[in-house]
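As structure tokens, the structure follows; a few thoughts come after it.
The values are calculated or read from the model by the stated rules, or taken from the named source; none is laboratory data. As the structure is a prediction and not an experimental result, all values here were calculated from the model. Methodologically, a virtual Cβ is constructed for each residue, glycine included, from the backbone with ideal geometry; neighbour enumeration extends over all protein chains shown. All accessible areas refer to the heavy atoms of the entire protein, side chains included, with ligands and DNA or RNA removed. Shrake-Rupley method; radii C 1.70, N 1.55, O 1.52, S 1.80 Å.
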Amino acid sequence: MTSLTIAELPWWDLAEVADHDAAIFGPTAWTLGYYWSVKAQNGTVMLAARTASAAGTDVDGAATNSEFAASAGELAGWIVMSGAGAEADVMTIATTEAARGTGIGSALLQAGIDWAKERGCEVVHLEVDERNAAALGMYASFGFEEWGRRPDYYPGAAGILMRLRIGD
């Protein structure tokens, strides 16, 4: 069975993520330079999901260095979070085409929410293209609620502003 590993995205995988981002988001994709600048910011985390039959092992099945294990397997998705004080933001989240509909987006979102909770955040914010029904459904399943809109934020569509209260 294929396993899923979610780990902090190492710098050497930024180009791979940026390439996938360009294929998924087209004109609104983050550039490699932008990924580098966000990775350098305090209060951010980049998590990647990878699938593999034996993630984290070498050809003999022995455990590998955890730093390099974060790059083992096929990239399935990623999430970038920022957090300051009581608030966190989902800066971007995506799954590769091959990984869509498999629950990886939900696993990444949960990992991002867990990161925000560990930082003491009380609310998580995000914005999403109003035409992205799959993402809207996923966010609603987590309890995110719409609180505003940004007209024409995306090419030809509004951005829906959503939030989830995670504080006690």
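May I ask you to say which residue of ARG150, ARG131, ARG163, ARG119 is within 21 Å of ILE6 (Cβ to Cβ) and basic (Lys, Arg)? None of the others qualify; the one that does is ARG119.
The number of residues in segment 23-38 being open to solvent by less than 60 Å² (accessible area, probe 1.4 Å) and within 15 Å of the chain's Cα centre (by Cα) comes to 5. For the structure I just gave you, tell me whether ALA55 is over 19 Å from ALA15 (Cβ atoms) and at pLDDT 95 or above. Here the answer is no, as ALA55 does not meet what is asked. From the set of residues in segment 127-159 that are in a loop (DSSP other than H, G, I, E, B) and open to solvent by 40 Å² or more (accessible area, probe 1.4 Å), which is nearest to SER106 (Cα to Cα)? The selected residue is ASN132.
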